[in-house]
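Each remark here refers to the structure printed beneath this line.
The values are calculated or read from the model by the stated rules, or taken from the named source; none is laboratory data. Everything numeric in this text was worked out from a predicted model, so none of it was measured. Note that we place each Cβ from the backbone using ideal geometry, even for glycine, and neighbour counts take in every protein chain shown. With ligands, DNA and RNA removed, areas are computed over all heavy atoms of the protein, side chains included. Shrake-Rupley method; radii C 1.70, N 1.55, O 1.52, S 1.80 Å.
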Amino acid sequence: MSSPDIVGILDKSKELDQLRKEQEDVLIEINKMHKKLQATPEVVEKPGDNSLAKLKTLYVHAKELSESEVNVSNLLLSQLDALLPSGPPGQPRRRMEGTEQKRKRMKSDSDISRMSPSVRSQLELFASLKGEQVAARVMVTQEDAEKEEWLVVKVLHFDKETRELEVLDEEPGDDEEGGGQRKYKLPMTAIIPFPKRTDPSSAQDFPTGRHVLAVYPGTTALYKATVVNGHRKRKTDEYLLEFDDDEEDGALPQRVVPFHKVVALPDGHRQ
């Protein structure tokens, strides 16, 4: 192994480190923009606001950095493969299997490096939900027909490879099949994290008239509702909501719901 070869590998390693640092910086800026838009979504409607354009630019930059990271990683792998000895004939099979396992691990690391910073951030968020309550879209059977419902469930496990969450419906069912607690395996798209009860700043502000998904008082089910009073005096205040199909005496009663049990209404909501 010659010195120029080692120098080339070290140079590529430094380049890889720099790319990852730049990705982290871009990710920080993306997260700042996300928090800004969550806190004041109405800002994008103001004349001259360039928040969405700036966010798009950040995502484009993040994508370019991610692609550069993959290219440099592949070059490093090629350089290392060229320098490693191939091994004499008749080498024990166990040694070959060990090498194969290393190659698999290197491939796995390469797959992770292909992820954009925003995707890695999302995976870390879902991994941190273990033990937390979240809103989940599940299919339940009612009168021999399947129906989509949103329920409050507890996250038991998140598999980063399959990107599925194992969740537990802690509320005993009332059907004829035992009525016990149920477990589900759901994709990330079927899960909405709740704002943290202990971190009011994580809660999104919904203006009056906005449609939301909220936990109906006294239940563990979420339904579509309309914000009646969106101007909370404090971040810890409750929302005043009118739930769809909640008519009493010809009018929709107004229900009080804590801020940490209210989330944005998903696109294509069919409940």
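Are any residues in the range 35-56 among the polar types (S, T, N, Q) and open to solvent by less than 90 Å² (accessible area, probe 1.4 Å), and if so, which ones?
Thr40, Ser51
Of all residues in the range 242-271, those that are closer than 20 Å to Asp199 by Cα and in contact (Cβ under 8 Å) with a residue 12 or more places away in the chain have Cβ atoms under 6 Å from Cβ atoms of residues that are of a type in the set (Ser, Thr, Tyr) and buried (at least 16 other Cβ atoms within 10 Å of the Cβ), 6 or more apart or on another chain, in Val257/Tyr239; Val262/Tyr239. Of all residue pairs spaced 6 or more apart or on separate chains, those with beta-carbon atoms under 8 Å, a first member in the range 38-49 that is closer than 23 Å to Ser202 by Cβ and a second member that is part of a loop (DSSP other than H, G, I, E, B) are Gln38/Gln204; Ala39/Gln204; Ala39/Asp205; Thr40/Asp205; Pro41/Gln204; Pro41/Asp205; Glu42/Pro207; Val43/Asp49.
I'd like to check something: does the range 55-78 contain any residue that is farther than 16 Å from Ser118 by Cα and at pLDDT 80 or above? No - not one qualifying residue is present in the range 55-78. Mind listing whichever residues of the range 188-205 are touching a strand residue (DSSP E or B) at 6+ places or on another chain (Cβ under 9 Å) and open to solvent by 60 Å² or more (accessible area, probe 1.4 Å)? Thr189, Arg197, listed by residue number.
What number of residues within the range 155-185 satisfy the criterion of being part of a strand (DSSP E or B) and either buried (at least 18 other Cβ atoms within 10 Å of the Cβ) or modelled with pLDDT under 90 (or both)?
Result for the range 155-185: 8.
I need the full set of residues from the range 127-141 which are among the aliphatic types (A, V, I, L, M) and open to solvent by 70 Å² or more (accessible area, probe 1.4 Å), in order please. Met139 - this is the single residue of the range 127-141 that is among the aliphatic types (A, V, I, L, M) and open to solvent by 70 Å² or more (accessible area, probe 1.4 Å). Among the residues of the range 63-79, the one identified as aliphatic (A, V, I, L, M) and open to solvent by 70 Å² or more (accessible area, probe 1.4 Å) is Leu75.
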